[in-house]
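Trainee: What follows is a single structure, and I will ask about it in a moment.
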Amino acid sequence: MKRDIVIIGGGPAGLAAAVAAYDAGCKNVLVVERESEVGGVLKQCIHNGFGLTRFKENLTGPEYAHKFIEEAEKRGIEMLKDTFVTELTADKKVTCMNQSGIFTVEAKAVILAMGCRERSKGALNIAGTRPAGLFSAGTAQKYVNVKGMLPGKRVVILGSGDIGLIMARRLTLEGAKVLCVSEIMPYSSGLRRNIAQCLNDFGIPLYLEHTVAEIEGEGRVSGVTLVKVDENKRPIAGTEKHFDCDTVLFSVGLIPENELTERAGVALDPRTKGAVVDGDRQTQTEGVFACGNVLHVHDLVDFVSEEAEIAGRAAAEYALQGGRAHAYISAENGENVTYVLPQRVDKNKNAPQKLFFRVRKAFRNAVVTVDTGARRKTVKKIAVAPGEMESVALSAEEIGGAEYVKIAVTGGDR
Amino acid sequence: MELVCIECPRGCLLSAEKTEGGVSVSGNFCPKGRAYAEAEITEPRRVLTSTIRAAGAMVPVRTDRPVKKSMIFALMKKIRAARLTHAVAIGDTIMENIDGEGANVVASASYGGEPCSI
Ligand code: SF4
């Protein structure tokens, strides 16, 4: 089997990339999806708040997905569902497995759109037994929204990621008692609006700078003890708070799913846990592109779609016309910045470039400094936080004159 | 009153006070923040999203306009008691005028019927 472009993953990134590639003139596109329906995690994100940037509409997850599914279907884009990709090679052979067997698709270009998964509680070091009643927030979301089952009645949520906040509200609406959300950092990793509308609306307390001291229970969770931590994240004795509960949710972050990428020998960035890419979202392996949460974890699907369209168009160009010569400079993270994406900027492209970055800690009245070796420019931001991706734009001229790009955030007050 | 605007991901920090002429709002980056703060002070409203049970599936639903925050648990009770027995397309009304003020509960995904529904 041969296709111009194979897209691995039929979530928001894969769908948007497919439509963009098709519209850029590459009609021979195949989307491979492991679940029985496309749409990815949006299928279970029944809350609203999606699409405000892109569509100026306040959509629920399924509604947002529907817009892209409709576009893909209108174009007759081929989608193989219930199909796993078992292997990807650097020469763009994609091995798939489904009910009809194992087969290999040879592609001119591949777009990685596998998304991310939740960090497991194993990533946390927690004392106590391992009773039933411990769920990741996303698993609980699937239980409630897709299967119609309530995971428990009295719930403590560990970690203040957005899915945890959304689930605090969802479980409350479904009749469970959410006792609190606990966060080890001095700020939430979730969006401010989610703290307001998911916790404050329902009087659910958020304990910042708290960690879990113990999870109790024989067979089933019966309680959780939280403890306050000092600046070095060490528990402060005497600050313990105990909660009787039957369920604990973990919302401790997302991690790009890059096993296939890694085995294909595509270079990964330890900061993003995704591939190293250029402005076209092309990885260091020619003809392999990446977009969405497999590339770096986004907080808004609107930005996933935007990024996927960049990758889709670039993959179409690559599949139809072959590769170009590049003149790369690196984009680096400076003070208080955890990563910059893309990591490489192509001066040959002669086009403006939006650079995305995340800050290490929250600032009000922040000053973003973009240093290109040749010049420095500063951009002011009212507030920046690790949970909210930021961006700066560079013009074609600024990139043309640059030796490198380094983004730092300073000033302002914590 | 200090508020976080929930109308968009920017999450502006608003401060709103009742004045003789109405409500004074500051901190909003756009007019939506003013409208939000005014409503928060007088009668807070939210779009309610949930699911309705159907045979073998949960169908995601939403209210087609914001409903009074004070009514949310009463409305949830109605939604939880409802059963969907027929196919619906995305956007179809499932429960009419659920809050007595004209808000309908509509499907946010198709159920049954269409082959590629989610
Ligand atoms: S005031 Fe406007 S920009 Fe600020 S959060 Fe509200 S809607 Fe968004």
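Trainee: With the dipole of region B:49-107 worked out from charges on the C-beta (+1 for Lys and Arg, -1 for Asp and Glu) around the Cα centre, which of B:GLY56, B:VAL105, B:THR85 lies farthest toward the positive end?
Mentor: So the residue furthest toward the plus end is B:GLY56.
Trainee: Still on this model: Describe numerically, in nm with one decimal, the distance between label points set 7 Å from Cα along Cα→Cβ at A:PHE243 and at A:LYS361.
Mentor: Reported label-point gap for A:PHE243 and A:LYS361 is 2.6 nm.
Trainee: Give the long-range amide H neighbours of A:CYS245: residues separated by 5 or more places, or on another chain, with amide H under 5 Å away, using H modelled in the peptide plane at 1.01 Å from N.
Mentor: Residues meeting the criterion, in which the H sits 1.01 Å from N, are A:GLY223, A:VAL224.
Trainee: Rounded, prolate or oblate for region A:120-252? Axes are the square roots of the Cα gyration tensor eigenvalues, ordered a ≥ b ≥ c, and the cut-off for rounded is a/c under 1.5.
Mentor: Cα axes put region A:120-252 in the oblate bin.
Trainee: Pop a pseudo-label 7 angstrom from the Cα along the beta-carbon direction at both A:ALA327 and B:SER24 and give the gap in nm to one decimal.
Mentor: 5.7
Trainee: Taking the Cα centre of region A:251-306 as origin and charging only Cβ (+1 Lys, Arg; -1 Asp, Glu), how large is the dipole, in debye to the nearest 20?
Mentor: 180
Trainee: Still on this structure, please answer the following. Relative to a virtual label point 7 Å from the Cα of A:THR104 in the Cα→beta-carbon direction, which members of region A:1-26 show backbone nitrogen distances below 14 Å?
Mentor: Backbone N within reach: A:1-3.
Trainee: What are the ³J(HN,Hα) couplings of region B:93-102, residue after residue, when phi is run through the Karplus curve with 6.51, -1.76, 1.60 and θ = phi - 60°? Round to Hz, x for glycine and proline.
Mentor: Each residue of region B:93-102 in turn: 6, 9, 10, 8, 6, 5, 9, x, 10, x Hz.
Trainee: OK, next. Treating cross-link reach as a plain straight distance, find the aspartates and glutamates whose alpha-carbon is under 14 Å from the alpha-carbon of A:LYS108, omitting any fewer than eight places away in the same chain.
Mentor: Counting by Cα, and skipping residues close in sequence, A:LYS108 has these aspartates and glutamates nearby: A:ASP4, A:ASP91, A:GLU286, A:GLU317.
Trainee: Loop only by DSSP, 16 or fewer other Cβ within 10 Å of the Cβ. Give me the GluC sites (Glu not before Pro) in region A:329-414 that pass, ordered by residue number.
Mentor: In loop regions of region A:329-414 (DSSP not H, G, I, E or B), the sparsely surrounded GluC sites (Glu not before Pro) are A:GLU335, A:GLU403.
Trainee: Could you state the angle between the C-alpha long axis of helix A:12-23 and the longest principal axis of the C-alpha atoms of chain A, as a value from 0 to 90 degrees rounded to the nearest 10?
Mentor: Around 20 degrees separate the two axes.
Trainee: Under a 5 Å amide H to amide H cut-off, with H placed in plane at 1.01 Å, what residues pair with B:MET58 once short-range neighbours are removed?
Mentor: Distant-sequence amide H within range of B:MET58: zero hits.
Trainee: Please compute the modelled spin-label separation between A:GLU218 and A:ASN200, points set 7 Å along Cα→Cβ, answer in nm with one decimal.
Mentor: Rounded to a tenth, the inter-label distance reads 4.4 nm.
Trainee: Please list the non-local residues whose amide H lies under 5 Å from the amide H of A:LYS177, H modeled 1.01 Å from N, same-chain partners needing a gap of 5 or more.
Mentor: Amide H neighbours of A:LYS177: A:ARG154, A:VAL155.
Trainee: Still on this structure, I have one more. Could you tell me which trypsin sites (Lys or Arg not before Pro) in region B:9-118 are loop residues by DSSP with no more than 11 other beta carbons within 10 angstrom of their beta carbon?
Mentor: When the trypsin sites (Lys or Arg not before Pro) of region B:9-118 are filtered for loop state and at most 11 Cβ neighbours within 10 Å, nothing remains.
Trainee: For region B:63-89 and region A:281-306, what is the separation of their C-alpha centers, rounded to whole Å?
Mentor: Result: 36 Å between the Cα centres.
Trainee: Still on this model: Is the C-alpha gyration tensor of region A:269-388 telling us rounded, prolate or oblate? Criteria: a/c under 1.5 is rounded; beyond that, a/b larger than b/c is prolate, otherwise oblate.
Mentor: Here region A:269-388 falls in the prolate category.
Trainee: Can I ask one more? How about region A:204-241: which trypsin sites (Lys or Arg not before Pro) there lie in a loop by DSSP and see at most 15 other Cβ atoms within 10 Å?
Mentor: Taking region A:204-241 and a limit of 15 other Cβ atoms within 10 Å, the loop trypsin sites (Lys or Arg not before Pro) found are A:LYS233.
Trainee: Now a separate question. Pairs to check: A:LYS361/A:LYS381; A:LYS56/A:LYS142; A:LYS43/A:LYS177. Give those whose C-alpha atoms are more than 18 Å from each other in this structure.
Mentor: Listed pairs above 18 Å: A:LYS56/A:LYS142; A:LYS43/A:LYS177.
Trainee: Also: About the Cα centre, and with charges only on the beta carbon of Lys, Arg (+1) and Asp, Glu (-1), how big is the dipole of the protein assembly as shown? Nearest 20 debye, please.
Mentor: Charge dipole, the protein assembly as shown, about its Cα centre: 460 debye, nearest 20.
Trainee: Only residues of region A:128-161 count here: report those whose backbone N is under 16 Å from the spot 7 Å along Cα→Cβ of A:LYS177, or say none.
Mentor: Hits in region A:128-161 for A:LYS177 at 16 Å: A:152-157.
Trainee: State the answer as a single residue: which of B:SER26, B:CYS12, B:THR42 lies farthest towards the positive end of the charge dipole of region B:2-42, with beta carbon charges of +1 for Lys and Arg and -1 for Asp and Glu, about the Cα centre.
Mentor: B:CYS12
Trainee: For chain B, which span is the longest to avoid every loop-located (per DSSP) member of GluC sites (Glu not before Pro) having at most 15 other Cβ atoms inside 10 Å?
Mentor: B:21-95
Trainee: While we're on this one: If you average the sequence gap of Cα pairs under 8 Å that are 6 or more apart and divide by the length of chain A, what percent do you get for the contact order?
Mentor: Relative contact order here is 16 percent.
Trainee: Could you derive backbone 3J(HN,Hα) for region A:286-303 from the dihedral phi with the Karplus parameters 6.51, -1.76 and 1.60 (θ = phi - 60°), listing whole Hz in sequence and x where the residue is Gly or Pro?
Mentor: So the Karplus estimates, Gly and Pro as x, are 3, x, 10, 10, 9, 7, x, 6, 6, 8, 7, 6, 9, 9, 10, 5, 4, 6 Hz.
Trainee: Does anyone have the angle between helix A:162-173 and the longest principal axis of chain A? Alpha-carbon axes, 0 to 90°, nearest 10?
Mentor: Orientation of helix A:162-173: about 50 degrees from the principal axis.
Trainee: Once fully extended, how much extra length lies between A:ARG263 and A:GLU403, figured as 0.36 nm per residue of separation less the alpha-carbon to alpha-carbon distance?
Mentor: 47.2 nm
Trainee: Which is farthest toward the positive dipole end of the protein assembly as shown among A:ALA18, A:LEU320, A:ILE5, measuring Cα position about the Cα centre, with Cβ charges +1 (Lys, Arg) and -1 (Asp, Glu)?
Mentor: A:ALA18
Trainee: Given Cβ point charges of +1 (Lys, Arg) and -1 (Asp, Glu) and nothing else, what value in debye, to the nearest 20, does the dipole of region A:209-317 about its Cα centre take?
Mentor: My answer is approximately 240 debye.
Trainee: Then there's this: Can you compute 3J(HN,Hα) from phi for each residue in region A:262-278, using the Karplus curve 6.51 cos²θ - 1.76 cosθ + 1.60 with θ = phi - 60°, rounded to whole Hz and x for Gly and Pro?
Mentor: Residue by residue, region A:262-278 yields 5, 5, 7, x, 6, 5, 10, 9, x, 6, 8, 6, x, 5, 7, 10, 9 Hz.
Trainee: Taking each pair of distinct Cα atoms in chain B once, what is the resulting Kirkwood hydrodynamic radius in Å?
Mentor: One decimal place: 16.0 Å for the Kirkwood radius.
Trainee: Still on this structure: Rounded if a/c is under 1.5, else prolate if a/b beats b/c, else oblate: with a ≥ b ≥ c from the C-alpha gyration tensor eigenvalues square-rooted, which is chain A?
Mentor: oblate
Values in this text are rule-based calculations from the coordinates and carry no lab data. Please read these numbers as outputs of a predicted model, since none were measured by experiment. Note: ideal-geometry Cβ built from the backbone for every residue, glycine included; neighbour counts use all protein chains shown.
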